[in-house]
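A quick write-up on the structure given underneath.
The values are calculated or read from the model by the stated rules, or taken from the named source; none is laboratory data. Note that the structure is a prediction, hence the values are computed from the model and not measured. Cβ placement follows ideal geometry from the backbone for every residue including glycine, while neighbour counts extend to all protein chains displayed. For accessibility, only protein heavy atoms count, side chains too; no ligands or nucleic acids. Shrake-Rupley method; radii C 1.70, N 1.55, O 1.52, S 1.80 Å.
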Amino acid sequence: MTRILKLGRSAEAKATDASAVRSAVESVLIDVEARGDAALRELSQKFDRWSPPSFRLSQDEIDGCVDALSSRQLDDIRFAQAQIRRFAEVQKAALKDVEVETLPGVVLGHRNIPMNSVGCYVPGGKYPLVASAHMGIVTAKVAGVKRVIAMTPPLQGRPAPAVIAAMALAGADEIYVLGGIQAVAAMAIGTETIAPVDFLVGPGNAYVAEAKRQLFGRVGIDLLAGPTETLVIADDTADAELCATDLLGQAEHGPNSPAILLTTSEQLATQTMAEV
């Protein structure tokens with residue numbers, strides 16, 4: 001007989017959350033489009049308690065973030081980006097332009113043309129996700145995108161040095177410390193001081209994902225990423241610590257990321273919960 005030792009939120013509660021997210025995102029997008037920079041400043045102050053003279057970092061501010069890291073941290077960033085860049089270059093080389101005259105005067109083909117501008121969002125409200133800077137910016141620069149801008153929220157009231165350094169070393173043309181719906185809106189819609197982009201990339205929480213969904217069509221987006229989810233199926237021979245690690249490895253992506261353990265052993269279930 002199936003027994004549930006720990007249950008997640010109900011479908012009704014999840015639906016209520018989704019409705020609230022849609023409504024909040026819609027109102028923010030309307031506000032940013034109507035009031036531009038003034039709306040960004042109010043929203044950033046409200047959600048992140050962040051209202052600097054300029055959301056775009058100066059070169060001196062970027063250099064300060066880079067200088068704040070250890071040589072080991074900088075080496076790690078450069079190493080990761082070198083691997084990503086190398087594979088991206090191989091991928092690009094595999095995309096061949098073609099042109100053929102199928103009949104006299106009938107010429108068919110295709111060309112691979114980089115976009116003019118891309119906006120890369122790097123989450124970091126609770127913990128800076130440096131890898132998102134690598135994957136979004138490095139690949140866009142390898143593709144030949146002329147203008148790559150990057151945005152990330154402040155971390156504990158200031159720019160996150162590792163994220164900013166990763167953005168700079170990846171080759172971002174403009175770096176802003178701005179997060180959430182307002183950042184996505186600024187990149188897609190534009191304001192008095194921020195020119196809009198053609199395409200948005202990067203993960204985020206439910207609000208960022210919903211903002212990208214509502215803006216799709218106005219700009220291109222990489223994908224509609226839902227909550228990360230995992231299901232671990234285990235019997236009494238499994239290790240509780242490993243089960244907990246696998247569950248937490250996905251659950252850490254957000255409070256709405258379901259992580260499920262299905263087991264024939266009540267002892268393993270209770271031990272796993274204790275490990276979590």
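Would you point out the residue of segment 46-97, among those that are among the hydrophobic types (A, V, I, L, M, F, W, C) and within 23 Å of Gly190 (Cα to Cα), that is modelled with the lowest pLDDT?
Here the answer is Phe47.
Considering only segment 157-180, state which residues are of a type in the set (D, E, K, R) and closer than 21 Å to Val145 by Cα.
Asp173, Glu174
On the basis of being at pLDDT 95 or above and out of contact with any helix residue (DSSP H, G or I) (no Cβ under 7 Å at 6 or more places or on another chain), does Glu26 make the cut?
The answer is no for Glu26.
Report the residue count in segment 126-151 for those that are open to solvent by 40 Å² or more (accessible area, probe 1.4 Å), modelled with pLDDT under 95 and not aromatic (Phe, Trp, Tyr).
Qualifying residue count, segment 126-151: 3.
If you scan segment 64-82, which residues turn out to be touching a residue at least 60 places away in the same chain (Cβ under 8 Å) and open to solvent by 100 Å² or more (accessible area, probe 1.4 Å)?
Residue satisfying the conditions is Arg78 alone.
Check Lys14, Lys46, Lys6 and return the single one that is of a type outside the set (Phe, Trp, Tyr), in contact (Cβ under 8 Å) with a residue 60 or more places away in the chain, assigned to a helix (DSSP H, G or I) and farther than 29 Å from Val145 by Cβ.
Answer to the selection: Lys14.
Go through the residues of segment 156-166 one by one and say whether even a single one is open to solvent by less than 20 Å² (accessible area, probe 1.4 Å), among the aliphatic types (A, V, I, L, M) and either under 17 Å from Val28 (Cα atoms) or part of a strand (DSSP E or B) (or both).
Checking segment 156-166: not a single residue is open to solvent by less than 20 Å² (accessible area, probe 1.4 Å), among the aliphatic types (A, V, I, L, M) and either under 17 Å from Val28 (Cα atoms) or part of a strand (DSSP E or B) (or both).
Quick one: is Ser19 modelled with pLDDT of 95 or more, among the hydroxyl-bearing types (Ser, Thr, Tyr), under 23 Å from the mean Cα position of the chain (by Cα) and open to solvent by less than 80 Å² (accessible area, probe 1.4 Å)?
no
When the residues of segment 98-125 are narrowed to those that are out of contact with any strand residue (DSSP E or B) (no Cβ under 9 Å at 6 or more places or on another chain), assigned to a loop (DSSP other than H, G, I, E, B) and not polar (S, T, N, Q), which ends up surrounded by the most Cβ atoms within 10 Å (Cβ to Cβ)?
Pro114
Which numbered condition trips up Ala209, out of (1) modelled with pLDDT under 95; (2) over 11 Å from the mean Cα position of the chain (by Cα)?
Failing condition for Ala209: (2).
Answer yes or no as to whether Ala206 is open to solvent by less than 70 Å² (accessible area, probe 1.4 Å) and touching a Cys at 6+ places or on another chain (Cβ under 8 Å).
Criteria not met by Ala206.
Out of segment 232-276, which residues are surrounded by 15 or more Cβ atoms within 10 Å (Cβ to Cβ), modelled with pLDDT of 95 or more and part of a loop (DSSP other than H, G, I, E, B)?
Within segment 232-276, Ala238, Ser265 meet the criteria.
Does segment 184-191 include one or more residues that are closer than 15 Å to Tyr121 by Cβ, open to solvent by 20 Å² or more (accessible area, probe 1.4 Å) and more than 17 Å from the chain's Cα centre (by Cα)?
yes
Restricting to segment 247-276, count the residues that are among the polar types (S, T, N, Q) and in contact (Cβ under 8 Å) with a residue 60 or more places away in the chain.
Adding up the residues that qualify gives 2.
Conditions tested, residue by residue: (1) under 19 Å from Gly157 (Cβ atoms); (2) aliphatic (A, V, I, L, M); (3) open to solvent by less than 80 Å² (accessible area, probe 1.4 Å); (4) in a helix (DSSP H, G or I).
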residue: Trp50; (1), (2), (3), (4): yes, no, yes, no
residue: Ser54; (1), (2), (3), (4): yes, no, yes, no
residue: Ile62; (1), (2), (3), (4): yes, yes, yes, yes
residue: Ile84; (1), (2), (3), (4): no, yes, yes, yes
residue: Ala88; (1), (2), (3), (4): no, yes, yes, yes
residue: Ala93; (1), (2), (3), (4): no, yes, yes, yes
residue: Lys96; (1), (2), (3), (4): no, no, no, no
